[in-house]
Each structure stands twice: as C-alpha cells, then as structure tokens.
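Trainee: Here you go, one structure.
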Amino acid sequence: MSDLATASYLAQADNETRLNKTLRPPFDVVHRFSAQSIIMTTIAAILLFVFLSPILLVVAVSFGEKIEGASWVWAFDPSNYARVFVGIGWPDEITLLYAYKLGYTLAYAVLGSLIAIAFAFPFTYFLSQCSRPVQAAWLVFILASLSMSEVFIVMGWDIMLSNRSGLPALFKATGVTEWLKETGWLAVLKDWGLANPRNVKFKTSQMATVLTMAYLVWPYAVILLYAPLSRIDRSMIEAARTMGAGSFTVMRTVIVPVVRIPVMGTLLLLFVYLLGAYVTVTYFAEPAHQTLPVSIYEAIRGATLNAPFGAAQAVVLLSTAGVFIFASLWLSRLAEKRGR
Amino acid sequence: MKAALKHGFMLICAAYISLPIVIVCLSALNGGRSMLFPPKDPTFARFWEFFVSEPVWLRSMENSIIVALASATLAVLITWPIAYDQWKRNTAFSRALTGLAGLPFALPPIVFGVGLSFLWTFVGGLGNIFTGILSHTALLAALPLVTISIGLQSIDRYHLDAAQTMGADEPTSLRTIILPQTLSYTLSGFFFVVVLSFHEFIVIFFVSASAYSTVTLQIFNSLRNGFTPTMAVGAITFLLVSIAVFSAVARYGDLPRLLGADPARKDN
C-alpha cells in the first residue's frame, strides 16, 4: 500500500470517527438530556400544583356541604348551584337574588367593555399612525396607567365623584346645580338615581360603577388593539385614498374588515376581566346592585362564611368566563385562517 | 385640521386617563386628615408619615417589594424553560405547559384567588408571605412567558446556523447567542410582573388572610376610616415606580415590538 493510499485511508477513518462522534450522542448530551427532563418535570409539577390545582379545588369545593354553625364537609351536593340560580328554598319558592347578581355582573362587564372599546379604538388607530418614538412614549403612559391598582383608581374616582369635593361640589359652585333645578333636569336625574333633592349625586350609582369599570380596562383595550391596528397594511389605505375614498370609507371598507375579529377578541377579554371586578363594585354600587364577586368574597372570607356556596358562585363566574374565552380563541383561530 | 382633531382626541383621552391619577397625587398634599380636592393647607407632611413616622406603611411597602421581586424572579425562572422548550422543540408536552402557564392570567382573578386560598388552607401556609409570592408567580407568569417567547422568535436564525456550523453545541449557543439576544425581553417580562404584582389586589387579598399586608391591601383595609392623604403617597410612589420601569423597558427594549407592532416597520 502506498503512502498516499495509507493517508487517504487514515483520513477516511478519521472522517468516520468524526461522523460517528456527531451521530452517536456523546456522554454529556445524555447527561444534559436527563438534567433537562428533570427541569421540565419539576416545572410541570409546579404548574399542576400552583397553576391548575386551585381551579380544580374551586370546582371540588363547590359540591361540598355546609354544616350549620360549623365549617363544611366534602360531599357531592349540587344544591349550591341550585341556590345560585333559583335560591335556597327551591323548589318550594324561587328567589332570584343571586341570579340578579349574575345579571348585574354581566351587565356591568358588557357595558364597561363596550364603552372602553368605543374610545380606545379611535385612540389606538391614531396612535398607530404616529412615529415609532412617539408611539413608545404613549405606550409608557398607557402601561403606567394600566398598572395602576384598582384600589388607586377607585380612590381617584371616589374623590372626583364624592359630594364634599369633586364634581357635585363643582356643579354647586359654578351654578350648574341651580340651572339644573330651574330647568327641571335635577328631577330627571333624581329619577335616574343620580341626584338627591339638593344636588347631583354620583355615588353610589350604576353609572359610576360602569364608568369606573370602563376606565379600568381602557388601557388594556389600547394595548390589545395596538398589535392588530399597527399591523394594518398601510399601502391598502393609501391605495383606497388614491382611488378617492374618504376617511370614513377607508375606515368602513379597509380597516374595519381587517380588525373586526381582533376587536371582538379584545372585547371578550375585557369582558372576562371585568367579570371579576371587586373594589369598584363594593365602592360604587349600592348593595342591591352588587355583583357575584362581592358575594363570593362574603361567602369565603366575609360575613356569611359558606365556602362551598362561594365556590359554586365562583364556578358559575368561571364557566361564564370560560364560554367567552373559548369564543375568543375560536375567533382568533378564524382570524388566523383568514390571514393565510 | 384633521391632524389637529386627531391629536385633540388623543389628548382628551390622555387627560381623561390622567385626571383621577393626578387628583389622587395632589390629594397627598392635604394638610388635614381628609381627602379634599383641591388640597387644603398643602404640606409634604404625608410623605414623612408614609416613609418615616407610620411604620405600618413602611412594613407594607417592604412586603410589596418582597412579593413583587420574588414572584417576578420565580416567574422568569419557571417560564424561561417553558418558552425555550416550546420554541426549540414545540412538542405536545411543551404546548400543554405553555397553555397551563398562561391559564391563571386568563381567568377572572377572583376565581383564581378563591382557588389559591383553598389550596393554601389545605396544604398549610395561608397567610404566609411565601404562599403570597407563589400565588403572584402563578397569576402573572403569563407575562414573561409572552415576552420571552417574542424574544426567542426574534433571534436571527442565521446566527444559530453559523454557530452550529462552527461546532457549537446546544449549551454553547444557548449561552453565547440565545441568552444575550433575549435578555432585554426577559427583563421586560420580569418588570411587567414586578409592576403588576405591586398593584395586584384581589389575589393577595385572599391568600394573605389578613396576616400581612402589601400597600394596596393596607389602603383597602384602611378604607373603613375613609381615604386619607397618606394613602395617596403610596399611589404616587407606585406610579413613579411604574413610569420608571416602563420607560426603562422602552429605552432598552423595543416596546412597540413587545406589544406586537410589526417589526418590519421600524422607520415610519
């Protein structure tokens, strides 16, 4: 065998070992694989324990049975659900107290999210047309207001709407109250629950509740609408403009069809978020117009102490939210399919 | 004309959003014990009360900071491997983990709070600050999960291919390419959790069981005696922290991109 052949043979052998090296998992890969699976298993366990089990527990506890004057025991007792919908005396009598609470919960959440979207949509559309640094500055502002706790926001609105300082005092000082009295509008406002014989009164009222809720989710609406609105193909708008379409026509024929589904998705997310609003309702709605979250708290930590009943109400709230979350997922799937 | 209308509308929205916040902040200057607007006998005494003379506020501030920083750290540590696994392998398992990690954030917080209070009652630890930290980790983990996933997707694939061609194995490219390139996204996720944990109320309300209080809880607990200007100092502090954090995110990361703007349209 010539030297050349030997060399080529050696090179080939060397290549083969190299090839083998890359094909066969070296020792450290095996080692790392197990480390990795340990990490992922640990994480899965944490997720199951802290992320998932609370939700399952709520469902399990909701079938428990309350013992008078004591705590409660595990059971399979659907009467808590019956109580939410038709009252504790069912089937002899029907009380709709909690059904009404559910109704108020839904009504506030629907109105609050609709009002928020109505103002957030044009705002976000204009925002997406600004230059990138301007957008970033606005986004800092929006995020900072978004992160304000419900407690702080209620505090601000409370000062603004309270009778001693805030809007009613302002109305009185500027003579608006007198004018309302003279023109008879004060009587109308009184019928709507927004005035007492002396002055306007915004606290407690359903209007204050809904408006504070809308305020609460307005920044969320902007953040959620920002992605779809800033991704609109600008050339389509310009093409429409070139062909003589006015702003309104552009909005109707180009923008709305593209963002219709994301807007619906945003609306649903805001709605689900508002279903759980607690501080606003305890503060701005009178007891007769309060919502499920308030009575959930009462049942679990507050005055009535009936954990299974509280859990049942939470499950009702959760299923309502669940139905809407699935609807929004389905809508975004639909949007993806259309986008392709 | 049209541009003026647009900007006018945006400014009105901004004013509407800032109004209650501004009012809360100005009320902190009240000299008396009640929240009046405009403030009466303006003074900075409330700041002294909040930060120095009334220990209950300082203690709750400390709790807020501990819960926020610890839960943000845990949330990042838990979601990083999930996001990485989902990006790298995209198996059914990783998709399930991703869904599970985002689940609590998508529910009405009160329901999750109720569930957590049951969980900690059964396993013990209700009212312990550690369970408060775990609860916020679970509630807010969706945020770093999203920002880290966006970060991973924005990594230039050519860099990875180049590294691989030059013989880098997975840990090496993880260390030299993936971690540095996603750092700003990871930090953004971290700070989103910090800020939202600061302000979060209902879940910590349920799991703290009145054993300790964060600033938001302390404010809510003091509501029975009405709002006092000292609370407004808390609001100001938190607002300043939020603005500082988000400005830093905007300065060092691409905020519009994080929030889903089209990455290609950088120049407009």
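Trainee: Consider A:Phe171 carefully, then state whether it is within 7 Å of chain B (Cβ to nearest Cβ) and aromatic (Phe, Trp, Tyr). I'd like the intermediate steps shown before the answer.
Mentor: Values: within 7 Å of chain B (Cβ to nearest Cβ): no; aromatic (Phe, Trp, Tyr): yes.
Criteria not met by A:Phe171.
Trainee: List pairs: first residue in region A:109-130 and within 11 Å of another protein chain (Cβ to nearest Cβ) and under 20 Å from A:Leu268 (Cβ atoms), second residue in a helix (DSSP H, G or I) and not hydrophobic (A, V, I, L, M, F, W, C) anywhere in the structure, Cβ distance under 6 angstrom, at least six positions apart or on different chains.
Mentor: Between residues of region A:109-130 that are within 11 Å of another protein chain (Cβ to nearest Cβ) and under 20 Å from A:Leu268 (Cβ atoms) and residues that are in a helix (DSSP H, G or I) and not hydrophobic (A, V, I, L, M, F, W, C), the close pairs are A:Thr124/A:Tyr226.
Trainee: Taking the residues in region B:15-71 that are part of a helix (DSSP H, G or I) and among the basic types (Lys, Arg) as candidates, determine which candidate is modelled with the lowest pLDDT. Explain how you work it out, then say what you get.
Mentor: Just the residues of region B:15-71 that are part of a helix (DSSP H, G or I), to begin with: B:15-27, B:45-53, B:55-71.
If we keep only those that are among the basic types (Lys, Arg) too, we end up with B:46, B:59.
Values: B:Arg46: 75, B:Arg59: 88.
Restricting to residues being part of a helix (DSSP H, G or I) and among the basic types (Lys, Arg), the top hit is B:Arg46.
Trainee: Another question about this same structure. Restricting attention to region A:141-184, report how many residues are part of a helix (DSSP H, G or I), closer than 30 Å to B:Thr216 by Cα and out of contact with any Lys or Arg (no Cβ under 6 Å at 6 or more places or on another chain). Please lay out each step first, then the result.
Mentor: First, pick out the residues of region A:141-184 that are part of a helix (DSSP H, G or I): A:141-146, A:150-161, A:167-174, A:176-183.
Of the ones still in play, those that are also closer than 30 Å to B:Thr216 by Cα are A:141-146, A:150-161, A:167-170.
Among the residues that remain, those that are also out of contact with any Lys or Arg (no Cβ under 6 Å at 6 or more places or on another chain) are: A:141-146, A:150-160, A:167-170.
Final tally of qualifying residues: 21.
Trainee: I would also like to ask the following. Considering only region A:186-210, state which residues are surrounded by 16 or more Cβ atoms within 10 Å (Cβ to Cβ) and more than 26 Å from A:Ala277 (Cβ to Cβ).
Mentor: Listed by number, the residues that qualify are A:Leu186, A:Asn199.
Trainee: Take B:Ser208 and decide whether it is in contact with a Leu (Cβ under 9 Å, 6 or more places away or on another chain) and either surrounded by 17 or more Cβ atoms within 10 Å (Cβ to Cβ) or more than 13 Å from chain A (Cβ to nearest Cβ) (or both). Talk me through it step by step, then tell me what you get.
Mentor: Values: in contact with a Leu (Cβ under 9 Å, 6 or more places away or on another chain): yes; either surrounded by 17 or more Cβ atoms within 10 Å (Cβ to Cβ) or more than 13 Å from chain A (Cβ to nearest Cβ) (or both): yes.
So B:Ser208 passes the test.
Trainee: Then there's this: Here is a list: A:Ser37, A:Ser2, A:Ser8. Which entry is at pLDDT 80 or above and either under 30 Å from B:Tyr84 (Cα atoms) or of a type in the set (Gly, Ala, Ser) (or both)?
Mentor: Working: A:Ser2 fails: at pLDDT 80 or above; A:Ser8 fails: at pLDDT 80 or above.
Result of the check over A:Ser37, A:Ser2, A:Ser8: A:Ser37.
Trainee: Please work out if B:Leu196 is within 19 Å of B:Leu143 (Cα to Cα), aliphatic (A, V, I, L, M) and assigned to a helix (DSSP H, G or I). Spell out the reasoning first.
Mentor: Numbers: within 19 Å of B:Leu143 (Cα to Cα): yes; aliphatic (A, V, I, L, M): yes; assigned to a helix (DSSP H, G or I): yes.
The answer is yes for B:Leu196.
Trainee: Which residue out of A:Ala118, A:Ala107, A:Ala44 is modelled with pLDDT of 90 or more, of a type outside the set (Phe, Trp, Tyr) and touching a Leu at 6+ places or on another chain (Cβ under 7 Å)?
Mentor: Working: A:Ala118 fails: touching a Leu at 6+ places or on another chain (Cβ under 7 Å); A:Ala107 fails: touching a Leu at 6+ places or on another chain (Cβ under 7 Å).
Unique residue meeting the criteria: A:Ala44.
Trainee: Going by the structure shown, is B:Ser135 touching a residue at least 60 places away in the same chain (Cβ under 8 Å), part of a helix (DSSP H, G or I) and farther than 22 Å from B:Gly253 by Cβ? If you could, list the steps in order and put the result at the bottom.
Mentor: Details: touching a residue at least 60 places away in the same chain (Cβ under 8 Å): yes; part of a helix (DSSP H, G or I): yes; farther than 22 Å from B:Gly253 by Cβ: yes.
When the stated conditions are applied, B:Ser135 passes them.
Trainee: While we're looking at this one, here's another question. Could you please find all residues in region B:86-99 being facing another protein chain (nearest Cβ under 9 Å) and more than 18 Å from A:Val50 (Cβ to Cβ)?
Mentor: Let us first name the residues in region B:86-99 that are facing another protein chain (nearest Cβ under 9 Å), namely B:93-94, B:96-97.
Result: B:Phe93, B:Ser94.
Trainee: Continuing with the same structure: Just the residues that are within 28 Å of the chain's Cα centre (by Cα) and within 7 Å of chain A (Cβ to nearest Cβ), please, taken from region B:1-13. Step through it out loud before you land on a result.
Mentor: Start the filter on region B:1-13 by keeping residues that are within 28 Å of the chain's Cα centre (by Cα), which leaves B:10-13.
Hits for region B:1-13 are B:Met10, B:Cys13.
Trainee: Ok, one more. Mind telling me which of the residues A:Leu97, A:Leu56, A:Leu102 ends up being within 24 Å of A:Tyr278 (Cβ to Cβ), surrounded by fewer than 17 Cβ atoms within 10 Å (Cβ to Cβ) and either more than 10 Å from every other protein chain (Cβ to nearest Cβ) or touching an Asp or Glu at 6+ places or on another chain (Cβ under 8 Å) (or both)? It would help to see each step written out before you state the result.
Mentor: Numbers: A:Leu56 fails: either more than 10 Å from every other protein chain (Cβ to nearest Cβ) or touching an Asp or Glu at 6+ places or on another chain (Cβ under 8 Å) (or both); A:Leu102 fails: surrounded by fewer than 17 Cβ atoms within 10 Å (Cβ to Cβ).
Selected residue: A:Leu97, the only one of A:Leu97, A:Leu56, A:Leu102 that is within 24 Å of A:Tyr278 (Cβ to Cβ), surrounded by fewer than 17 Cβ atoms within 10 Å (Cβ to Cβ) and either more than 10 Å from every other protein chain (Cβ to nearest Cβ) or touching an Asp or Glu at 6+ places or on another chain (Cβ under 8 Å) (or both).
Trainee: Would a scan of region B:100-118 turn up a residue that is surrounded by fewer than 14 Cβ atoms within 10 Å (Cβ to Cβ) and either within 13 Å of chain A (Cβ to nearest Cβ) or within 22 Å of the chain's Cα centre (by Cα) (or both)?
Mentor: At the first step, the residues of region B:100-118 found to be surrounded by fewer than 14 Cβ atoms within 10 Å (Cβ to Cβ) are none.
No, region B:100-118 contains no residue that is surrounded by fewer than 14 Cβ atoms within 10 Å (Cβ to Cβ) and either within 13 Å of chain A (Cβ to nearest Cβ) or within 22 Å of the chain's Cα centre (by Cα) (or both).
The values are calculated or read from the model by the stated rules, or taken from the named source; none is laboratory data. Quick caveat: nothing in here was measured; it's all calculated off a predicted structure. With ideal geometry, Cβ positions are generated from the backbone for all residues, glycine too; neighbour counts draw on all protein chains shown.
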